[in-house]
1. Output the qualifying pairs, or none if there are none: Cβ atoms under 6 angstrom, residues six or more apart or on different chains, first residue in the stretch 250-268 and in contact (Cβ under 8 Å) with a residue 40 or more places away in the chain, second residue open to solvent by 30 Å² or more (accessible area, probe 1.4 Å) and outside any strand (DSSP E or B).
2. Does V358 satisfy the condition of being open to solvent by less than 10 Å² (accessible area, probe 1.4 Å), in contact (Cβ under 8 Å) with a residue 40 or more places away in the chain and closer than 19 Å to G182 by Cβ?
3. Keeping to the stretch 273-287, report how many residues are surrounded by 15 or more Cβ atoms within 10 Å (Cβ to Cβ) and over 27 Å from I328 (Cβ atoms).
4. Looking at L90, L139, L113, which one is under 20 Å from K194 (Cβ atoms) and open to solvent by less than 60 Å² (accessible area, probe 1.4 Å)?
5. How many of the residues in the stretch 344-355 are buried (at least 18 other Cβ atoms within 10 Å of the Cβ) and farther than 29 Å from I282 by Cβ?
6. Just a yes or no: is a residue in the stretch 101-109 among the aliphatic types (A, V, I, L, M), under 17 Å from Q31 (Cβ atoms) and open to solvent by less than 40 Å² (accessible area, probe 1.4 Å)?
7. Does N227 count as in contact with a strand residue (DSSP E or B) (Cβ under 6 Å, 6 or more places away or on another chain) and either modelled with pLDDT of 95 or more or not hydrophobic (A, V, I, L, M, F, W, C) (or both)?
8. Against the conditions (1) out of contact with any Lys or Arg (no Cβ under 9 Å at 6 or more places or on another chain); (2) modelled with pLDDT under 95; (3) open to solvent by 40 Å² or more (accessible area, probe 1.4 Å); (4) more than 19 Å from D184 (Cβ to Cβ), where does G290 fall short? Just the number, please.
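The values are calculated or read from the model by the stated rules, or taken from the named source; none is laboratory data. In this text the structure is predicted, and so the values were computed from the model without any measurement. When we count neighbours, we look across all protein chains shown, and the Cβ atoms used for this are built from the backbone with ideal geometry, even at glycine. Heads up: the accessible areas ignore ligands, DNA and RNA and are worked out on the full protein's heavy atoms, side chains in. Shrake-Rupley method; radii C 1.70, N 1.55, O 1.52, S 1.80 Å.
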Amino acid sequence: MKGKKPILVVLCILLTGCWDQHLMKNAVLVQILSFDLTPEEELLLGVSIPIIEESSGGAQAMVKSETFSASGHTPRDSRLKIDREIAGILDTSKNKLILFGERMAGTGIYSSLDVIWRDPRNSLGATLGVVEGEAVDLLNLKPSHETNVSEYIQDAITSAEENSVIPSQTIQMLASEMIDPGEDIVLPFLKMNKKKSAVVVGLALMNENKYSGNLPPQESTLLLLLNNKKGKNARFTKQVNNDKQHEVNDYISFNVQDMKRKLKVQVKDREVLVSINLDLKISVEEYPKGDVPQDIDRLNKLLSKELTEDAKQVITKLQQANCDVFGIGRRLIAFHPKTWEVKDKKEYFKNIKFNTIVKAEIIKHGIVS
């Protein structure tokens, strides 16, 4: 027993507890981070934190949100200034959203994210987004049906993901793509409408890590299909008739039930040729004119033609923004390294020739027709 006493003493010293304590009672949880540029070209950091208000009568407590912001030379500098304003220590381990203002995103988002990747306590499950105008303005929203602005914006993003307007992705998923010379990313593009509500209005196109353009919702959905990243639903509304008396009869609304996408990259005489074939099986959800089976052949041909033209327009906008969301450069690096060596690494995507074909086939049209 005497021989075991020194061992017990050593164990008691080593197992006294963790030296690196992080007490939650001192933490102020951050649910949204925003980054903007001030007119003086300083970084404006905004944070949204939850405020729990206990209600009388034993009802469930209400969670509201409060916004703080400060400008500085770096994200850490701005954060220290916000720390001085609040009673506690900012904790970003539960952060859900990181939003960039348009001007800030145009200068590059990587440097602002560097401090997040370096700190192991930061949440890597947060969603990135670009906001038209200043991102901090969204943090000051006061939705009538949701007291917590973080939950409100997150619900809008989740809905857009399910409807294939934006891809489902996190900061951890985007880390490798953001530094890949052969691939670019796209982010949710948000804005504040006239009713002072936050809405997802499409995709922000990124060139390397800089904001370079955007796509509206219908084109965003088509881009995700072309990139083989369909969500739960993918709905479109197209004009297929020309009834001057009853305009509502001119349109058809449909949802993509199933799809197949084939992407092929070829190199001929150092010229890069990309073919994308998209085969869509669609379900008609609304066709006020009436009998779909009687008109099905014409509708299939017309929708295929229109979607093919739309796809070409999407590709044109991608090349104008120099956003290689398909990762063509990554395929060149892997399978055509000699071609990649002689290509302009900054402008290669603009010079790629695309051949895009979309085929639509109606497989469901309701129980009436």
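1. Correct list of pairs: V265/R331; V267/H336.
2. Working: open to solvent by less than 10 Å² (accessible area, probe 1.4 Å): yes; in contact (Cβ under 8 Å) with a residue 40 or more places away in the chain: yes; closer than 19 Å to G182 by Cβ: no.
Judged against the criteria, V358 is not a match.
3. 5
4. On the way: L90 fails: under 20 Å from K194 (Cβ atoms); L113 fails: under 20 Å from K194 (Cβ atoms).
Selected residue: L139, the only one of L90, L139, L113 that is under 20 Å from K194 (Cβ atoms) and open to solvent by less than 60 Å² (accessible area, probe 1.4 Å).
5. Within the stretch 344-355, residues that are buried (at least 18 other Cβ atoms within 10 Å of the Cβ) and farther than 29 Å from I282 by Cβ number 2.
6. no
7. Details: in contact with a strand residue (DSSP E or B) (Cβ under 6 Å, 6 or more places away or on another chain): no; either modelled with pLDDT of 95 or more or not hydrophobic (A, V, I, L, M, F, W, C) (or both): yes.
Criteria not met by N227.
8. Going through (1) out of contact with any Lys or Arg (no Cβ under 9 Å at 6 or more places or on another chain); (2) modelled with pLDDT under 95; (3) open to solvent by 40 Å² or more (accessible area, probe 1.4 Å); (4) more than 19 Å from D184 (Cβ to Cβ) one by one, G290 breaks only (3).
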